[in-house]
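Asks: Quick one: the structure is below, questions incoming.
Read-outs throughout are calculated quantities, based only on the coordinates presented, and are distinct from any laboratory measurement. As the structure is a computational prediction, the values presented were derived from the model and not from experiment.
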Amino acid sequence: MDSKYQCVKLNDGHFMPVLGFGTYAPPEVPKSKALEATKLAIEAGFRHIDSAHLYNNEEQVGLAIRSKIADGSVKREDIFYTSKLWCNSHRPELVRPALERSLKNLQLDYVDLYLIHFPVSVKAMEKCKDAGLAKSIGVSNFNRRQLEMILNKPGLKYKPVCNQVECHPYFNQRKLLDFCKLKDIVLVAYSALGSHREEKWVDPNSPVLLEDPVLCALAKKHKRTPALIALRYQLQRGVVVLAKSYNEQRIRENMQVFEFQLTPEDMKTIDGLNKNVRYLTLDIFAGPPNYPFSDEY
Ligand code: NAP
Ligand code: WDT
């Protein structure tokens, strides 16, 4: 059986825990909940924590991490913390100051991973790694063409270690996953549990992932929950998976992903659910060349 702190080795030699804690919540949720939930997540055994400048909670998430360090539960090096560069700081001279602002909010010396939240340029990110402010750098919401553009850049110093994208049984990213594996880039799945349906960017008519009859039947068979089936599916296909919850019981439940296994037939069954349902689409970014979601993958 898998160990609780299972990690993947990134292409720059650092390690990333395969289960991550998602910290985003809609703006109407009080920020104090991020503090509470992140502490509960660390207590439950999460060691990979995903946030971003955009989420406006780095102060609370940083406080949670530091308080679990202060009470002796974990050391800084036990935690893998991801932040992300938002679009308002894409100009090269704004990148490092943006990371330094995140670090100041967090009250941490470095982040483990710094992602470009939405497709643009890279050079200034490499300098953050060289300065030790980010142990690793990666990207998010990049399609294959955009990844290739980066990988083919003359003088590229560091390959992105990961591409964090929407990925779940209704949108399983098989082709992008194969491409990433070929290039030794880890695919990190967000909205792996079907995303925040209450948010304006999620189509209310889209099917509810965790109510899927096939996932429910598999949950019954394994005496688990549809959420655990959706998380386990990703681990067994080599995807690092994020799970957001601000609820103590569900935070604990999600750690059970290491306690059972799906059969190869179960995996095939879940593969069969793929049906091009993307929960996160952002029309305001539409238009070439940077909009990532017009290409097939
Ligand atoms: P998600 O992980 O798909 O979770 C969706 C909802 O599922 C949560 O609101 C949660 O509600 C519920 N849930 C959690 N565990 C459950 C369980 N065991 N049973 C039933 N329901 C459960 O949410 P997400 O925020 O879309 O994605 C996860 C993280 O990925 C984010 O928090 C963020 O860190 C990252 N992300 C990144 C991007 C990007 O552009 N890079 C985009 C989206 C997300 P409760 O809190 O009530 O439990
Ligand atoms: C697609 C659509 C990509 C929510 C929207 C990016 C929204 C980023 C989260 C996030 C966007 C966005 N989140 O964590 O739930 O930039 O608006 O990371 S977004």
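Asks: What translational diffusion coefficient, to the nearest whole µm²/s, does region 1-158 have by Stokes-Einstein, given a Kirkwood radius computed over alpha-carbon pairs, a temperature of 25 °C and 0.890 mPa s viscosity? Present the calculation step by step, with values, prior to reporting the outcome.
Replies: Details: Rh = 16.2 Å.
It diffuses with D of about 151 µm²/s by this estimate.
Asks: Right, something else. For region 112-133 and region 54-96, what is the separation of their C-alpha centers, rounded to whole Å?
Replies: Here the answer is 14 Å between Cα centres.
Asks: In cubic angstrom, how much convex hull volume per residue do the alpha carbon atoms of region 118-270 span? List each step's numbers first, then the result.
Replies: On the way: hull volume 21.7 nm³, N = 153.
Per residue, the Cα convex hull of region 118-270 comes to 142 Å³.
Asks: To continue, here is another question. Take every Cα-Cα pair in the chain and report what % of them are more than 28 Å apart.
Replies: Working: 14971 of 43956 pairs.
The proportion of pairs with Cα distances above 28 Å equals 34 percent.
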